[in-house]
Structure formats: structure tokens, C-alpha cells
Amino acid sequence: MYRFLLTRQWVILTLLGLVLIPTMIELGFWQFHRHEHRVEQNSLISRNLAARPVPVTELTSPGHTVPRSDYWRTVTATGTFDTEHEVVVRRRTSDDDRIGVHVLTPLDLKDGGTVLVNRGWVPAAPNQTAFPDVPPAPRGEVTVTGRLKADETTSSSGIKDLAGLPDRQVMLINSDQQSQLLSRTVLGGYIEQTEPAPSGDLPEQIARPDDSSIGPHMAYAVQWWLFVAAVPVGWIILVRREKRDREQAAAENATAEAEAAEQPEPASA
């Protein structure tokens, strides 16, 4: 009664199940690894935010690539804002998902050198070619506190670096690019400013990174693995149903044949 498993329909169905099982196992592990990465990142954020503030020059220097282990470290920098060379970073969102720009202002350090400071978000100008209204940075010597971030690149951020933008507008926060524009050395990475707070509502400072949410990845992993278990169970149920239907059909055929055989032959004339 199981010879039907050799039919074309059942061979295809069985092969499909055999392909789905390892595929779904792999998808489950992919989601599990994403969960592990999220947990590891949350631990890194929490640990680095809790670390004592250090001068920015202790963690970076001109041309330095900020390693992941130093992301979100609290740093301080004392100097004077160079508002003449301030730029805005296009297509950035506020905490409530409004489209605008980030304000990127060079800070000339008291002890020499320059570091980029992301002062926060402001609305974009109505005309994309115009420079938006940006509240002025504090004048004179100021001490900035913030989170250290790595330079943005297209590969790391997914943001395409467009050419031919209006004056003083960029797509990426990148110390190498700004160093060329400023014609002086700039420390690698940049500071995401948290202090001093702006005197008004703008710029809106960048929110603290989320180090509590682990996302749905673990639930997705378990879901994929449950699907793996469901494939053979479903296959067995279908096989048994097919066997039962065939047996029932065979029994009905046998009964019909028996009833036909019991019918008397019509009398001859």
C-alpha cells in the first residue's frame, strides 16, 4: 500500500521536504547568530557608556580607524568650534522619524588638532539646494562631551556618497573627507555630542543608543526550528491520509465488484 510513494507526485513532495529541512535549520541558526550579535552589541554599548570619560585624543588620532571595541565610549574635547567650515549631513532622521540633517562642526582642539562634532539634528531647508537654518555653536573655548563613533563609509552605513552636492552638504560623516576640505589633519571618527546641551530646542541631540532591546531574532530562530519539526510530521500525516484514502477506495471498489458479481445474469430469450 506504500508503493504510491514511488509516484512522481510523492517523489517530488519528499525531495522538497528533504530540501526544506536543512534550509530551515540554516535559517534558524542565522537568526540565532543575529540574536547573539545583538546581545553582544548591547553588552558593548552598556559597558562603554558606563566607562569613565577620557580625552578624545586617548582613543583616536589623525587617520585612526576607531575599532568597534571603542564605539560609544564617552570622550571629552576642549577647543573652539570652527563654524565657518560647518557642514550638514543630508537625509538623517530625528527620534520621531522626521527627515532632516545632522550638523557637523569641526572643533579645533586647545592642544592642537581638529575633531568633528555631530551637534545633532535640525530640519532640512525647504529647498534642497539651500543651507538649512542651524543654531550657532557656542563661541569661545568650550568642552564637549559625547560618544565616540567611527567614520561612516558607504560599505559600513549603506549610504551612497553622492557627488555634486550643494556647498557645505555631505552624505557621510567621514574624517578623511573633511580633512581634505579643511586642508588640515582631523582625528579619526567623530564625537556624537551629549554636552553641553543646546540653549534652545535645536539641534536635537542624538538619542542614547538602545542597549536593552534584543529584538525578535531568537523568536524567529525557534520558529524556523519548529518548522523543521513540522516537515516530517506533516509528511507522515499526508502519507497516512493517502494510505487510508487508497485503502478506502480499494475497499469500495472491491464491494462494488462483489455486488456486481452477485447480480443474476439476465435470462436468455
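The values are calculated or read from the model by the stated rules, or taken from the named source; none is laboratory data. Computed from a predicted model, the values in this text were never measured in an experiment. Quick reminder, even Gly has a Cβ in these numbers, built from the backbone with ideal geometry, and neighbours come from all protein chains shown. Just the protein is used for accessible areas: all its heavy atoms, side chains included, with ligands, DNA and RNA removed. Shrake-Rupley method; radii C 1.70, N 1.55, O 1.52, S 1.80 Å.
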Task: Of 63, 31, 14, farthest towards positive along the dipole that unit charges on Lys, Arg, Asp, Glu beta carbons give the range 1-120 - done: 14
Task: Where labels lie 7 Å past Cα in the beta-carbon direction, separation of residue 156 and residue 54 in nm - done: 1.8
Open item on the list: Let me check something: with ligands and nucleic acids excluded, how do 33, 64, 217 order by accessible area (1.4 Å probe), largest to smallest?
Closed with: 33, 64, 217
TODO: Compute the separation of the alpha-carbon centres of the range 44-107 and the range 125-147 and state it in Å as a whole number.
DONE: 14
TODO: Using a cut-off of 15 Å between beta-carbons, work out the net charge of the residues near residue 189 (Lys and Arg +1, Asp and Glu -1, residue 189 not included).
DONE: -2
- [ ] Please list the equivalent ellipsoid semi-axes of the chain, computed as the square roots of five times the alpha-carbon gyration tensor eigenvalues, in descending order and whole angstrom.
- [x] 70, 21, 16
Task: Hydrodynamic radius (Kirkwood) for the range 125-269, which is based on Cα pairs only, to one decimal in Å - done: 23.9
- [ ] Take every Cα-Cα distance within the range 76-145, group them into 5 Å bins from 0 onward, and report for each bin the whole-number percent of pairs it holds.
- [x] 4, 17, 27, 21, 15, 11, 6, 1
TODO: Might you work out the accessible area of residue 69 for me, using a 1.4 Å probe with all protein chains in place, and round it to the nearest 10 Å²?
DONE: 70
Task: Accessible area, probe 1.4 Å, largest first, for residues 131, 227, 81 - done: 227, 131, 81
Task: Among 158, 199, 99 the positive-end extreme of the charge dipole of the chain (Cβ point charges) - done: 158
TODO: Run the 1.4 Å probe and let me know the accessible area of residue 225, rounded to the nearest 10 Å².
DONE: 80
- [ ] Working from the alpha-carbon coordinates of the range 56-213, get Rg over Rh, Rh being the Kirkwood radius.
- [x] 0.93
Task: Cα centroid separation, the range 1-23 to the range 207-269 (Å) - done: 13
TODO: Can you tell me the FRET efficiency between residue 239 and residue 39 if r is taken as the Cβ-Cβ distance and R0 is 41 Å, rounded to the nearest 0.05?
DONE: 0.50
TODO: For the chain, report the accessible area per residue in Å² (1.4 Å probe, heavy atoms, rounded to an integer).
DONE: 61
Open item on the list: Using a 1.4 Å probe on the protein heavy atoms only, what accessible surface does residue 40 show? Give it in Å² to the nearest 10.
Closed with: 100
Task: the range 92-133 shape via C-alpha gyration tensor axes, a/c threshold 1.5 - done: oblate
- [ ] With r as the distance between the Cβ atoms of residue 96 and residue 133 and R0 = 22 Å, compute the FRET efficiency 1/(1 + (r/R0)^6) and round to 0.05.
- [x] 0.70
- [ ] Please say if the range 30-116 is rounded, prolate or oblate, where rounded means a/c under 1.5 for a ≥ b ≥ c the square roots of the C-alpha gyration tensor eigenvalues, and otherwise the choice is prolate for a/b larger than b/c and oblate otherwise?
- [x] oblate
Open item on the list: Can you compute the charge dipole magnitude of the range 121-269 about its Cα centre, using +1 on each Lys and Arg Cβ and -1 on each Asp and Glu Cβ, nothing else charged? Give it in debye, rounded to the nearest 20.
Closed with: 640
- [ ] Go through 230, 180, 209 and say which Cα lies farthest out towards the positive end of the charge dipole of the chain; charges sit on Cβ, +1 for Lys and Arg, -1 for Asp and Glu.
- [x] 180
